[in-house]
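In what follows, a structure is listed as structure tokens, so that the remarks can point back to it.
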Amino acid sequence: MDGMRIARDFVDIGALAEIPRLGARTVTTGMGDIAIFRTADDQVFALRDQCPHKQGPLSQGIVHGASVTCPLHNWVISLESGQAQGLDKGCTPHFAVKVEDGRVLLALGVPA
């Protein structure tokens, strides 16, 4: 597998300005809903819109730093990795996302 690269097709899902700072928007895909998060400093992350604990909608959580707090049971999830933080255990899939010319591009296919 050394040297092997997985091709990722990026899809334009909208303007960065359409996602509120410290907020999220969801994109429905064949793999389920994906939440696109925007931090205070305009970093963008993409996670499956399900907390690993009880499948709470992470897109409705509170974004702080590079984390989101699930609205159901206050689990803190890393936006970078999808990993639960602190003593909580679990992970939600994360997806590659980038911003080009003010547009948000999401890699569909295999989670990152």
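The values are calculated or read from the model by the stated rules, or taken from the named source; none is laboratory data. Remember, it's a predicted structure, so these values are computed and weren't measured experimentally. Neighbour counts are summed over all protein chains in view; Cβ atoms, including those assigned to glycine, are modelled from backbone coordinates with ideal geometry. To get the accessible areas, we keep the full protein, side chains included, count just its heavy atoms, and leave off ligands, DNA and RNA. Shrake-Rupley method; radii C 1.70, N 1.55, O 1.52, S 1.80 Å.
Odds and ends about this structure:
- Residue match in the range 24-42 (condition: out of contact with any helix residue (DSSP H, G or I) (no Cβ under 8 Å at 6 or more places or on another chain), part of a helix (DSSP H, G or I) and at pLDDT 95 or above): no
- Residue count for the range 29-56 satisfying the condition of being closer than 13 Å to W75 by Cα and either charged (D, E, K, R) or open to solvent by 40 Å² or more (accessible area, probe 1.4 Å) (or both): 4.
- The residues listed here are G86, G14; of these, the one that is assigned to a strand (DSSP E or B), small (G, A, S), on the phi > 0 side of the Ramachandran plot and out of contact with any Leu (no Cβ under 6 Å at 6 or more places or on another chain) is G14.
- Of all the residues in the range 47-70, those that are outside any strand (DSSP E or B), under 22 Å from T29 (Cβ atoms) and at pLDDT 95 or above number 9.
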